Amino acid sequence: MPNTIVINTSPIIALVSALGDLEILSYLYQQVLVPYEVCQEILAGGKIGFAISAFDNDTYLQKQSSPLQISPFLLNSLDLGEASVIQLALDKKITTVCIDEAIGRRIARLNGLSLTGSIGILLKAKQKGYNISIRNCIDNMKKSHIYLSQSLIDCAIEQAGE
C-alpha cells in the first residue's frame, strides 16, 4: 500500500505532545492504520488520560475495530501495542511502521519492515513544508515527559537546520 503507515501508541502520544493534535499524519500519509490493541492502550489513558481527546476526535486515522491474531514470537518479544503494529503491517503488506521503542524497532527490522518514529515524522513533515519548529516540538515533548536522548535531540535539530 503506497504511502501507508501503521502507528504505535508512543508516537501518537509524542505527536500530540509536540503539536496538540495528529493533523501532521494526514499531511504525510494517504493512510494511517492504528491496530485495535493500540486504540485500546490509548483509550485506557494511563494515569492522566493524555492524548485521548486528540485521538478520539481524529477522523483521519483508520482505527481497526477488532483484535489481531498476533504471532507468539511477537507477543513474547514485545508489548501488545508494538506486536500488533508489526502484525498488522505484515498482514496487510504495509512496509512502514512508526515505533519509537528500541526493541520494537529492532524486531520490526528483523521482519523486513521500514521504520520511522515520532521525530522522523516531524522531520519529514518539516522537510515537505509543514510549518513547525522541531525545537519547539521537542520542548513540548519534554514538558510532557516524553523521553528523548540528547543525541536524538541534537541530530533532529541539526537535520531541521535549527
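The values are calculated or read from the model by the stated rules, or taken from the named source; none is laboratory data. If you're wondering where the values come from, they're calculated on a predicted model, not measured in any experiment. A quick note on method: Cβ atoms are made from the backbone with ideal geometry, for glycine too, and the neighbour counts reach across all protein chains shown.
For this structure, a couple of remarks:
- Any hit, the stretch 112-124, residues being surrounded by 13 or more Cβ atoms within 10 Å (Cβ to Cβ), under 14 Å from Ser10 (Cα atoms), out of contact with any strand residue (DSSP E or B) (no Cβ under 7 Å at 6 or more places or on another chain) and among the hydroxyl-bearing types (Ser, Thr, Tyr): yes
- Listing of helices (runs of 4 or more DSSP H) fully contained in the stretch 50-162 that carry 3 or more residues being at pLDDT 95 or above: 80-92, 102-110, 118-127, 134-143
- Scope the stretch 46-56; condition surrounded by fewer than 16 Cβ atoms within 10 Å (Cβ to Cβ) and closer than 24 Å to Asn3 by Cα; matching residues: Asp56
Here is a yes/no grid of residues against (1) under 21 Å from Ala102 (Cβ atoms); (2) under 16 Å from the mean Cα position of the chain (by Cα):
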residue: Gln127; (1), (2): no, no
residue: Arg135; (1), (2): no, no
residue: Asp139; (1), (2): no, no
residue: Lys143; (1), (2): no, no
residue: Ile146; (1), (2): yes, yes
residue: Ile153; (1), (2): yes, no
residue: Gln159; (1), (2): yes, no
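Listed here are the residues, each with its yes/no results for (1) touching a strand residue (DSSP E or B) at 6+ places or on another chain (Cβ under 7 Å); (2) free of Cβ contacts under 8 Å to residues at least 24 places away in the same chain; (3) over 19 Å from Cys39 (Cα atoms).
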residue: Pro72; (1), (2), (3): no, yes, yes
residue: Leu88; (1), (2), (3): yes, no, no
residue: Cys98; (1), (2), (3): yes, no, no
residue: Glu101; (1), (2), (3): no, no, no
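- Output for the stretch 140-158, where each listed residue is of a type in the set (D, E, K, R) and surrounded by 14 or more Cβ atoms within 10 Å (Cβ to Cβ): Lys142
- Only one of Lys128, Lys124, Lys92 that is in contact (Cβ under 8 Å) with a residue 40 or more places away in the chain and closer than 20 Å to Val38 by Cβ: Lys92
- Residue within the stretch 35-45 that is surrounded by fewer than 18 Cβ atoms within 10 Å (Cβ to Cβ), in contact (Cβ under 8 Å) with a residue 24 or more places away in the chain and either over 17 Å from Asp100 (Cα atoms) or of a type outside the set (Gly, Ala, Ser) (or both) present: yes
- Screening the stretch 3-30 for residues that are in contact with a strand residue (DSSP E or B) (Cβ under 9 Å, 6 or more places away or on another chain) and part of a loop (DSSP other than H, G, I, E, B) and picking the one that is surrounded by the most Cβ atoms within 10 Å (Cβ to Cβ) gives Asn8.
- Each residue in the stretch 31-46 was checked for being out of contact with any Phe, Trp or Tyr (no Cβ under 7 Å at 6 or more places or on another chain) and part of a helix (DSSP H, G or I), and 8 pass.
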